[in-house]
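A short worksheet on the structure shown next.
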Amino acid sequence: MLSYQAARGKVIEIAKARFRPRSTETVDITRDPAGALGRIASEDIRADRDYPSFDRSIRDGIAVRSADVANVPMRLKAVGESKAGSSYPATLAQGECVHIMTGAPVPAGADAVVMVEYTKAEGDWMTVERTARAGDHIVRAGSEARANQIVIPRGTRIGYADLSVAAQVGAAKLPVFTRPLVAVLATGDELVPADEKPGAYAIRNSNSISLAAQVALSGAEPVILGPAPDRERELRELIERGLREDALVLSGGVSMGKYDLVENILLEAGAEFYFDGVAIRPGRPAVFGICKDKLVFGLPGNPVSAIVTFELLVTPAIDVLSGAAPRPLALFRAKVTHDLNEKPGLAHFLPAKMKFTDDGPTVEALRWQGSGDVVALVDANCFIVVGTTQEHISAGDWVDVFPRRGSI
Ligand code: AMP
Ligand code: MG
């Protein structure tokens, strides 16, 4: 059985080798900046001119010729001002200075800015109390970015900082890849929709909801199907419907029980599987393959298993379908608060709470009843990752911590 790292690597390898984003579109960032968040740039975005486009002062003060203030105190004649949005029209002559504001252009002839704190005004005369070196408090034209330089490479995931750059260079209609459509299909005779009251032995279908949210959080668009009963004909129809989207994520029906039909139906439909088990708990029965030229994931039905395996295995595939480089599996390190004893053989993902204390990060495993106990996740902002060979971990040891997305 593959380790979760190897399984994730396999998903990335297959997805990269066989899939590209479907198409591109533009997002108008002036109308809907938030709508661009998490999208992937489909073209290189270039600077439309030098940044800054002029020598810019980064302080309020006076623009001077540094040679004039080699000896201080020194009196200079204030001959005008330069404020953000306009400039002093002439060239600074020897013995002159110009009042200048943050963001304003440095006038011709000046080569330094003296902060207002180090000057004294007497009418038109300014006394400078500190020497200045050429370049002080000035950002040179083109030093942040040169005209035509790539400022946002294709494949970048757009966050608020990238949006700031896009706005700055005038890429108002931002070219991005279309979001992949990911079908979500929960299976199980016991499932009723979340807005219905279940009978004594039925349960509400929570996986469709959490998986759809994870799909959206990953940058794709969920298409919720089903749920499907554990009956071949209906299940086959819904699987075939799901295979029309860019990827299909199933939950349930991948274990060894009599009514676990998913793998067989996929095989009959021509699926090729790359793994049908991963050495983790929760999540061991997870399967991954390609069926009718689409990526297919069969995740275990227990809610925590579905959540964990989605994060580990499906997220990087969505990255590739979205036109991005697969996100690294980001693990933190923290000191565990209590002893842990886990059976070796599988990597364990234990719901846990990480805290950032004055003495550094700590993490506490939470009480839980196993992979069906999604209630335990409400208080969990992460999972402690216990390696396959780690049997005993002592309080105070450093452990790997896998954050629950959005909660740290
Ligand atoms: P399975 O993987 O189909 O054997 O399901 C394992 C466990 O997860 C069973 O207890 C199911 O009732 C539960 N389960 C399966 N699908 C869902 C779902 N969509 N929502 C909530 N729980 C589920
Ligand atoms: Mg089932």
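The values are calculated or read from the model by the stated rules, or taken from the named source; none is laboratory data. Keep in mind that what you see is a predicted model, and the values were worked out from it rather than measured. Backbone-built Cβ (ideal geometry, glycine too); neighbour counts: all protein chains shown. Each accessible area value is taken on the protein alone, full model and side chains, heavy atoms only, with ligands, DNA and RNA left out. Shrake-Rupley method; radii C 1.70, N 1.55, O 1.52, S 1.80 Å.
Here the Gaussian network model covers the chain, with springs between Cα atoms less than 10 Å apart; of 94, 149, 390, 94 fluctuates the most. Applying the Karplus relation 6.51 cos²θ - 1.76 cosθ + 1.60 with θ = phi - 60° to region 375-386 yields 3J(HN,Hα) values of 4, 5, 6, 4, 8, 8, 9, 6, 10, 7, 9, 9 Hz, where x marks Gly and Pro.
Simple rule: put +1 on each Lys or Arg Cβ and -1 on each Asp or Glu Cβ in the chain, find the dipole, and look at 301, 323, 100; the Cα lying farthest toward the positive end is 100.
Subtracting the Cα-Cα distance of residue 102 and residue 48 from their residue separation scaled by 0.36 nm leaves 17.2 nm. For residue 338, the solvent-accessible surface computed with a 1.4 Å probe is close to 110 Å², ligands and nucleic acids excluded.
What shape does region 77-136 have by the C-alpha gyration tensor, where a ≥ b ≥ c are the square roots of the eigenvalues, rounded means a/c under 1.5, and otherwise prolate means a/b greater than b/c and oblate the rest? Rounded. Per residue, the chain reaches -5000 deg cm²/dmol at 222 nm when only DSSP H runs of four or more residues are counted, each adding -39500 (n - 2.57). Of the solvent-accessible surface of the chain, computed with a 1.4 Å probe over protein heavy atoms with every protein chain present, carbon and sulfur atoms account for 50 percent. A Förster radius of 22 Å, combined with the Cβ-Cβ distance separating residue 116 from residue 164, puts the computed FRET efficiency at roughly 0.20. Between residue 90 and any residue 5 or more places off or on another chain, the built amide H atoms are never under 5 Å apart.
FRET efficiency for the residue 172 to residue 259 pair, using the beta carbon distance and R₀ = 51 Å, is estimated at 0.45. Electrostatic bookkeeping for residue 40 treats Lys and Arg as +1 and Asp and Glu as -1; over the other residues with beta carbon under 10 Å from its beta carbon, the sum is +3.
Annotated for the chain: lysine pairs at least 8 residues apart or interchain, Cα distance under 18 Å, count 6. Database remark: amide H of residue 55 closer than 5 angstrom to the amide H of 106, 141 (H placed geometrically; neighbours at sequence offset of 5 or more, or on other chains; Pro and chain starts carry no H). In order along region 263-277, the phi-based Karplus estimate (6.51 cos²θ - 1.76 cosθ + 1.60, θ = phi - 60°) of 3J(HN,Hα) comes to 4, 5, 5, 5, 4, 4, 7, x, 5, 10, 9, 9, 7, 10, x Hz; Gly and Pro are listed as x. A cut-off of 5 Å between modelled amide H atoms, ignoring neighbours fewer than 5 places along the same chain, links residue 223 with 182, 183, 184.
Each of 376, 76, 332 was scored by the projection of its Cα onto the charge dipole of the chain, and the greatest displacement toward the positive side belongs to 76; charges sit on the C-beta of Lys, Arg, Asp and Glu.
Taking a ≥ b ≥ c as the square roots of the Cα gyration tensor eigenvalues, region 178-251 comes out oblate, since a/c reaches at least 1.5 and a/b does not exceed b/c. For region 42-167, the share of DSSP beta bridges that are antiparallel, to the nearest 5, is 85%. Seen through its C-alpha gyration tensor, with square-root eigenvalues sorted a ≥ b ≥ c, region 179-314 comes out rounded because a/c lies under 1.5. Just checking the listed ones, 313, 217, 76: in the Gaussian network model of the chain with Cα springs under 10 Å, the one fluctuating most is 76.
The string of couplings for region 124-136 from the Karplus curve (6.51, -1.76, 1.60, θ = phi - 60°) is 7, 9, 10, 9, 9, 9, 10, 6, 9, 9, 3, x, 4 Hz, one whole number per residue in order, with x for Gly and Pro.
Once the Cβ-Cβ distance between residue 72 and residue 140 is put in as r, and R0 is 41 Å, what FRET efficiency do you end up with, to the nearest 0.05? Approximately 0.95, to the nearest 0.05.
Counting only DSSP beta bridges whose two residues both lie in the chain, roughly 70 percent are antiparallel.
Extension gain for residue 325 to residue 353 (0.36 nm times residue separation, less C-alpha to C-alpha distance): 7.2 nm. The mean sequence separation of alpha-carbon pairs under 8 Å and at least six residues apart, normalised by the residue count of region 149-230, gives a relative contact order of 33 percent. The slack between residue 150 and residue 31, meaning 0.36 nm per residue of separation minus the straight C-alpha distance, is 40.4 nm.
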